[in-house]
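To start, the structure under review is shown below, and the notes come after it.
Just so it is clear, none of the values below were taken in a lab; they were calculated from the coordinates. Since the model is a prediction, treat every value here as computed from it, not as a measurement. Reconstructed Cβ throughout: ideal geometry from the backbone, glycine too, with neighbour counts over all protein chains shown.
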There are 2 protein chains.
Amino acid sequence: MALIVHKYGGTSMGSTERIRNVAKRVAKWARAGHQMVVVPSAMSGETNRLLALAKELAPASLTEAYGRELDMLAATGEQASSALLAIALQAEGLESVSYAGWQVPIRTDSSYTKARIESIDDARVRSDLQAGRVVIVTGFQGIDDQGNITTLGRGGSDTSAVAVAAAMKADECLIYTDVDGVYTTDPRVVPEARRLHTVSFEEMLEMASMGSKVLQIRSVEFAGKYKVPLRVLSSFTPWDIDLNEEAKSGTLITFEEDENMEQAIVSGIAFNRDEAKISILGVPDKPGIAYQILGAVANANIEVDMIIQNISKDGKTDFSFTVNRNEYTKTMSLLNDTVLPALGATQVVGDTKICKVSIVGIGMRSHVGVASTMFRVLSEEGINIQMISTSEIKTSVVIDEKYMELAVRALHKAFDLDQVPA
Amino acid sequence: MALIVHKYGGTSMGSTERIRNVAKRVAKWARAGHQMVVVPSAMSGETNRLLALAKELAPASLTEAYGRELDMLAATGEQASSALLAIALQAEGLESVSYAGWQVPIRTDSSYTKARIESIDDARVRSDLQAGRVVIVTGFQGIDDQGNITTLGRGGSDTSAVAVAAAMKADECLIYTDVDGVYTTDPRVVPEARRLHTVSFEEMLEMASMGSKVLQIRSVEFAGKYKVPLRVLSSFTPWDIDLNEEAKSGTLITFEEDENMEQAIVSGIAFNRDEAKISILGVPDKPGIAYQILGAVANANIEVDMIIQNISKDGKTDFSFTVNRNEYTKTMSLLNDTVLPALGATQVVGDTKICKVSIVGIGMRSHVGVASTMFRVLSEEGINIQMISTSEIKTSVVIDEKYMELAVRALHKAFDLDQVPA
């Protein structure tokens, strides 16, 4: 008998028929003798519906001023879906009880709309499990030390599920979603993309942050920190498939490199065309310029992804970074109006028609020449590399966005990702 | 400066445009210097939408088995509308904060779907008021001593508002609704029906329980117990009408009989065609028969309204009562299958095509002949009276439902209810 956490996304909870299927699937696990905790998202569309109402009432700069009330509002979506799932489970003949985040309680800081979980008291949930109940815990939300409801931000239910699994020392946390696992790359771009049976925690982190949006990145960090075995699998399989088959499906995110792991050097290709690049040219090379530039950007609440600074020539250097395309205009104005004059730099240039392509793999740690293979493949395709950034298990390049599919397909093939590793 | 509680029903909260109007009205009161607590219902249709989802998942005998989860579900409606109203008030430039029942906290017993308020801690709300905030408190819900969410049953937001007003010792509790006050009878039946400027607490209790469904009856009991000045008024007046005019509109429910009160003998005519009558004939007249009959009915969770037992003849008596029409078949089966054999009674007869008409008035206490005037008027109209029941301030008759409008109109005229009292 194991303690298992299931997490179901909004699509899986999207109608009473689907909620009934979730209940039947959970009941199958419970009847096999497992202690079950289930973390559902709001019914699909519900969070958007609620936030659209708020927007009608207060259109301008909504999030900051009204954060507390937005969280009161949005948290109702998961409370309702959790209660409905408990009812569906009871209709299946299982004892079940649902708890809102504050009832567990799941304690968070007070950063409304993007709160972070600080602690989870598992006593109440554990006593229900021991009494033979299936426990439903609302995703996405918690309570701060003033008794206010907080939410964890979009996709926060993944984090809730992993955090609950960590607090309960669950044997496994299964994230049921609308994809059937983690792929070597997006199958819409590369039809030969292959599902990975296992992927390391570090690789998953790099994939998630690159736009392979299977899991909220914070949930992966959490799983890594607490070593929660995490599995991503499809909620679209029939609820009555064999439990052992279901338990082995999807992709398992692992935390130890053992002999059974797939030994590919590169595990996947991630890509992202939501970014824009910005370069400040002719920056006098002296201590503090990175802070002068990025401090101003951070103060304007603009998130920066890649940051590149090369060695200087004649006491001048060029400083480049990427931001989300939505923030491009705002960032350019900020730099031109205030940062450039203060820096004494020559010029700011930018480009929104770029994309970022990354190869990710634990194997890169111990294999030389992986990056150079990537550069050779792109060169053979006639693709010019605009920026390069590397980490231990990832190499990213910025290229013209029109070459994105070509680059991803060529790299996928070059690193044999369509082949099951020996 | 006064402490004022406003309560807004689901229709008043039915769209973002209406919520904005509520916010403007509340802002008018706050800017006039009053401390404001607002209790909103869920947006109209929302509670029904949520409960319909539950019904799809678990159709049979829903309320009892799934009470806890139904309350978790239904409570989200008011939490969402309260947060939206707080956002609308902030958009109007007022500081505002919303609290769910458990955050106040409003403590109740554990009778899911029909909980009763036990206590309200006003410290948190009071400190917000002192800080100059408008406080929104969700209607309809509270928390039991196990930390479970409870709801107060349909129309429970009226009770929440009155209870909050009582706990805070508010100067007045204003119930904004889709009627502009309490009438001498339903204006759809009698066009000459007149709005009462004041009505006594006891009269309001009798009117409310008789189907003049302006206020939930429990809220009137609560107001009476704690002497909360309660006003029913229209939410459809423009939000920017003069505050003093608005403060005097609608109907004030009073708790003291002073000289300024309208001195009518009869204040209103109530009626109800949702009932069915049932008579058990030839019951051996011995101690305990009322309990034998009504105990069985109560155990089956059937609510009884009028109960009539006349003196016995030849050791036998007839025992009659009324139940809601929806419960008629269930009650008849129960009586025929189990109660009748045990009683040794002759027969059970019933009729669903009846209605109850009542005259209500404080003045009946001190005026003789009011009931006989009622019987004369009905007799002159050729209406046969099937059952009679009286209390200090009410006389009710059961008649054939086809005569209901005729009876109500004739009584309204006979007691001069279309005339403003001298």
On a 0 to 90 degree scale, rounded to 10, what angle separates helix B:46-57 from the longest Cα axis of chain B?
-> 60
Once amide H atoms are placed 1.01 Å from N in the peptide plane, what residues at a sequence separation of 5 or more from A:GLY14, or on another chain, have their amide H within under 5 Å of its amide H?
-> A:SER44
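Among residues other than A:LYS353 whose Cβ falls under 15 Å from its Cβ, what is the net charge (Lys/Arg +1, Asp/Glu -1)? Don't skip to the answer; put the middle values down first.
Values: positive: A:ARG273, A:LYS277, A:ARG325, A:LYS356, A:LYS402; negative: A:ASP274, A:GLU275, A:ASP351, A:ASP400, A:GLU401, A:GLU405.
It works out to a net charge of -1.
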For chain B, whose charge dipole is built from +1 on Lys and Arg Cβ atoms and -1 on Asp and Glu Cβ atoms, the candidate among B:ILE359, B:VAL232, B:ILE143 with its Cα farthest towards the positive end is B:ILE143
By a straight-distance test (C-alpha under 15 Å), which aspartates and glutamates pair with B:LYS28 as possible cross-link partners, with residues fewer than eight away in the same chain excluded?
-> B:GLU92, B:GLU95, B:ASP240, B:ASP242, B:GLU245, B:GLU246
From phi via Karplus (6.51, -1.76, 1.60), per-residue ³J(HN,Hα) for segment A:188-193 in Hz, x at Gly/Pro | 6, 9, 10, x, 7, 3
Hey, rough spin-label estimate for B:SER234 and A:SER15, points 7 angstrom out along Cα→Cβ, what's it come to in nanometres?
-> 4.3
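Relative to the compact-globule scaling 2.2 N^0.38 Å, provide the ratio for the alpha-carbon radius of gyration of segment A:34-95. Numbers along the way, then the final one.
Values: Rg = 15.3 Å, N = 62, 2.2 N^0.38 = 10.6 Å.
My calculation over the Cα atoms of segment A:34-95 gives 1.45.
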Only Lys, Arg, Asp and Glu count, each charged at its Cβ (+1, +1, -1, -1), so figure out the dipole size of segment B:84-167 about its Cα centre, rounded to 20 debye.
-> 120
Excluding exposed DSSP-loop GluC sites (Glu not before Pro) (at most 11 other C-beta within 10 Å), longest clean stretch of chain A | A:1-255
Can you list, shortest first and in nm, the gaps between the label point of A:GLN347 and those of its counterparts in the other copies, using a point 7 Å from Cα in the C-beta direction?
-> 10.7
Residue-count net charge about A:VAL377 - beta-carbon cut-off 13 Å; Lys, Arg +1, Asp, Glu -1 = 0
Once you charge only the Cβ atoms, +1 for Lys and Arg and -1 for Asp and Glu, what is the size of the charge dipole of segment B:263-416 about its Cα centre, to the nearest 20 debye?
-> 140
Hey, how many Å between the Cα centroid of segment B:73-104 and the Cα centroid of segment B:357-422?
-> 45
Would you mind checking the tilt of helix B:16-31 against the longest principal axis of the Cα atoms of chain B, expressed as 0 to 90 degrees and rounded to 10?
-> 70
Segment A:149-189 scanned against label point 7 Å out from A:GLU380 along Cα→C-beta; backbone N under 20 Å for A:185
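Near A:ARG325, within a Cβ-to-Cβ distance under 14 Å, what is the net charge of the other residues, with Lys and Arg +1 and Asp and Glu -1? Before the final figure, lay out each step's value.
Details: positive: A:ARG273, A:LYS277, A:LYS330, A:LYS353, A:LYS356; negative: A:ASP274, A:GLU275, A:GLU303, A:ASP305, A:GLU327, A:ASP351, A:GLU401.
Taking every other residue near A:ARG325 into account, the sum is -2.
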Using the 7 Å Cα-to-Cβ label point, sort the distances from B:GLY147 to its equivalents in the other copies shortest first and give them in nm to one decimal.
-> 1.4
Among the residues of chain B, which one places its Cβ closest to the rotation axis that maps chain B onto chain A, and what is that distance in whole Å?
-> B:THR76, 2
What are the nm distances, shortest first, from B:ASN301 to its equivalents in the other copies, labels at 7 Å along Cα→Cβ?
-> 4.9
Cα centroid of segment B:1-18 to Cα centroid of segment B:229-248, whole Å = 11
Just A:ALA371, A:ALA298, A:ALA193 to compare: in a GNM of chain A, with alpha carbon springs under 10 Å, which one fluctuates most?
-> A:ALA298
From phi via Karplus (6.51, -1.76, 1.60), per-residue ³J(HN,Hα) for segment A:373-385 in Hz, x at Gly/Pro = 4, 4, 5, 5, 4, 5, 5, 4, 8, x, 9, 7, 8
Quick one: Karplus J couplings for segment A:157-173, per residue in order, coefficients 6.51, -1.76, 1.60, θ = phi - 60°, nearest Hz, x for Gly and Pro?
-> 5, 4, 5, 4, 4, 5, 5, 5, 4, 5, 5, 8, 6, 5, 6, 7, 10
Note: segment B:293-422, point scatterers on Cα, Debye, no solvent; log10 I/I(0) at q = 0.23 Å⁻¹ equals -1.38
For helix A:217-226, report the angle its Cα long axis makes with the longest principal axis of the Cα atoms of chain A; keep it between 0 and 90° and round to the nearest 10°.
-> 70
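Of A:LYS225/A:LYS394; A:LYS7/B:LYS55; A:LYS114/A:LYS402; A:LYS24/A:LYS248; B:LYS330/B:LYS356, which pairs sit farther than 27 Å apart, going by alpha carbon to alpha carbon?
On the way: A:LYS225/A:LYS394 20 Å; A:LYS7/B:LYS55 24 Å; A:LYS114/A:LYS402 34 Å; A:LYS24/A:LYS248 19 Å; B:LYS330/B:LYS356 21 Å.
Those over the limit are A:LYS114/A:LYS402.
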Top positive-direction residue, dipole computed over segment B:1-118 with Cβ charges, set B:PRO105, B:GLY33, B:MET13 = B:GLY33
With charges only on Cβ, +1 for K and R and -1 for D and E, what is the dipole size of the protein assembly as shown about its Cα centre, in debye, rounded to 20?
-> 320
What length, rounded to one decimal in nm, is gained on full extension from B:ILE308 through to B:ARG188, with 0.36 nm per residue of separation minus their alpha-carbon distance?
-> 40.2 nm
Among A:LYS394, A:LYS313, A:LYS55, which one shows the biggest mean-square fluctuation in a GNM of chain A, springs joining Cα atoms closer than 10 Å?
-> A:LYS313
Charge dipole of the protein assembly as shown built from unit charges on the beta carbon (Lys, Arg +1; Asp, Glu -1), centred at mean Cα; most positive-end Cα among A:THR184, B:ALA86, A:GLY156 is A:THR184
Which residues does a label at B:ASN324 reach in segment B:12-49, if reach means a backbone N under 19 Å from a point 7 Å past the Cα toward the Cβ?
-> B:45, B:47-49
